[in-house]
Amino acid sequence: MAEKQKILIVDDDANIAELISLYLMKECYETMIVGDGEEALKVFPEFKPNLILLDLMLPGIDGYQVCRELRTSSQVPIIMLSAKGEIFDKVLGLELGADDYMIKPFDSKELVARVKAVLRRYQAAPASISTEPKQQGEYVEYPDLIVNLTNYSVLYKGHSVEMPPKELELLYFLASSPNQVFTREQLLDHIWGYEYIGDTRTVDVHIKRLREKIKDHANWSITTVWGIGYKFEVKREYHDPFTLLQIYPGLSDLRPPGLHHHCHLFLPHDQRLSDAGAVGGSL
């Protein structure tokens, strides 16, 4: 029998906490309730929850501080709960490391659905690895960077980088469409869906956090397109092989066995595309 996933409920309102716990236990989760931030930080190492439901308005240490403290040592998924519905409060919570933000009062079914969604997407990767395993499933690969959407892992310069699901999904979405510019609204719609429509600062917060973990590379970077949005910029000499094969059919004879659409090729210097060729000029 599979081990139950654990959820730590941090809320000083005992009635709400008990109700949340009841709904989660009906879905076969194991729960623990604590009423303040200090107790949450105390029980966290021993209880080892798979997810934390964290109220913001707590006695003593508030939810923001608890989130900040947890993020110094753990990437456990955190869903913030609050009666504060202002954009500033949401952005601050996300910037501190929360994976989702729900405004009270909320429907219990929606809460359970969000818990399931976050847990489904989130798989913590090992802190570091010495060798790069063979990738499987949906992933994109660039020099010193592999983003795998199937197992929710990121390898950067040979080391695993821990990041919440939304950050990884945003990175994968951008990297899977190199040099394509996306507006903030498009990114919101694709990554967050209807929940955050209009709250475009959410995108900026996650881009900022990605840049702190994934530094610009000589061959690629996460670039701001001022007044529009963002793109995953790949330098000119680095191209997707299928784009190249459309322009240089002869390259198919040079493709090594087993090359698939997740891989990329470097062109020799004398075969790099001119600006005219890159925009569809006749060859």
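The values are calculated or read from the model by the stated rules, or taken from the named source; none is laboratory data. Quick caveat, the model's predicted, so the values are computed rather than measured. When we count neighbours, we look across all protein chains shown, and the Cβ atoms used for this are built from the backbone with ideal geometry, even at glycine.
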#### Entry: Residue list for the stretch 82-98, restricted to those being in contact with a strand residue (DSSP E or B) (Cβ under 6 Å, 6 or more places away or on another chain) and either assigned to a strand (DSSP E or B) or of a type outside the set (A, V, I, L, M) (or both)
85, 90, 93
### Task
Looking for whichever is modelled with pLDDT of 90 or more, in a helix (DSSP H, G or I), under 19 Å from residue 114 (Cβ atoms) and touching a helix residue (DSSP H, G or I) at 6+ places or on another chain (Cβ under 8 Å) here; the options are 33, 20. Which one fits?
20
### Task
Please note which strands (runs of 3 or more DSSP E) are completely contained in the stretch 110-221 and include at least 2 residues that are of a type in the set (Val, Ile, Thr) and modelled with pLDDT of 85 or more.
145-148
### Query
If you go through the stretch 69-89 one residue at a time, do you hit one that is modelled with pLDDT under 85, at negative phi, outside the structural domain of residue 167 (by TED's automatic domain parsing) and among the aromatic types (Phe, Trp, Tyr)?
yes
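Suppose we filter 45, 49 for residues that are in a loop (DSSP other than H, G, I, E, B) and farther than 16 Å from residue 111 by Cα; which single one remains?
Values: 45 fails: in a loop (DSSP other than H, G, I, E, B).
Step by step, each of 45, 49 is checked, and only 49 is in a loop (DSSP other than H, G, I, E, B) and farther than 16 Å from residue 111 by Cα.
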### Task
Output the residue which, of all residues in the stretch 1-49 that are touching a residue at least 60 places away in the same chain (Cβ under 8 Å) and acidic (Asp, Glu), is surrounded by the fewest Cβ atoms within 10 Å (Cβ to Cβ).
27
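Where residues in the stretch 58-69 are part of a loop (DSSP other than H, G, I, E, B) and touching a helix residue (DSSP H, G or I) at 6+ places or on another chain (Cβ under 7 Å), which of them is farthest from residue 89 (Cα to Cα)?
So in the stretch 58-69, the residues part of a loop (DSSP other than H, G, I, E, B) come out as 58-62.
Next cut, touching a helix residue (DSSP H, G or I) at 6+ places or on another chain (Cβ under 7 Å) only: 58, 60-62.
Numbers: 58: 15, 60: 19, 61: 16, 62: 13 Å.
In this case the residue turns out to be 60.
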